[in-house]
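The values are calculated or read from the model by the stated rules, or taken from the named source; none is laboratory data. The shown structure was predicted, so the numbers you read here are calculated from the model rather than taken from an experiment. FYI the Cβ positions are ideal-geometry reconstructions off the backbone, even for glycines, and counts take in every protein chain you see. Only protein heavy atoms, including side chains, enter the accessible area calculation; ligands, DNA and RNA are left aside. Shrake-Rupley method; radii C 1.70, N 1.55, O 1.52, S 1.80 Å.
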Amino acid sequence: MLLPNGLDQRIADTISNTIEGERKTADTTSHAWRARCEVAQIAMLADSERRVFLSHIATRRGETAASNLAQSASEMRTSAIFFLARKPS
């Protein structure tokens, strides 16, 4: 389901820009960076795509891993939404 006014795309763009900015100073070879990028990829998906992807994660890596990724992705999306709300039009 797409959110009004292309909000899903704006959220994805915001997350992508954030990750690109972090890439400049992050240790991109670390496990933490790979985990952050995985969360970002999940967070950039629309609701239905996220549910399907997390279902595959649950099957392959377990419910706990899927739940942790879902929580982290939700937090990242919320941060992006707050950023967009503060951003001047």
Look at segment 62-82 and say how many of its residues are under 12 Å from the mean Cα position of the chain (by Cα) and surrounded by 19 or more Cβ atoms within 10 Å (Cβ to Cβ).
6
Can you confirm whether residue 53 is in contact with a Ser or Thr (Cβ under 6 Å, 6 or more places away or on another chain) and open to solvent by 30 Å² or more (accessible area, probe 1.4 Å)?
no
Any chance residue 59 is assigned to a helix (DSSP H, G or I), at pLDDT 95 or above and open to solvent by less than 90 Å² (accessible area, probe 1.4 Å):
no
So, in segment 1-22, exactly how many residues are assigned to a helix (DSSP H, G or I), open to solvent by 30 Å² or more (accessible area, probe 1.4 Å) and either under 18 Å from residue 86 (Cα atoms) or at pLDDT below 95 (or both)?
10
Scan (1) open to solvent by less than 100 Å² (accessible area, probe 1.4 Å); (2) touching a helix residue (DSSP H, G or I) at 6+ places or on another chain (Cβ under 8 Å) for the single condition residue 32 breaks and write down its number.
(2)
Residues within segment 35-47 that are open to solvent by 40 Å² or more (accessible area, probe 1.4 Å) and within 15 Å of residue 66 (Cα to Cα), tallied
5
So which residues in segment 62-89 are in a helix (DSSP H, G or I) and not hydrophobic (A, V, I, L, M, F, W, C)?
63, 64, 67, 68, 71, 72, 74, 75, 77, 78, 79, 86
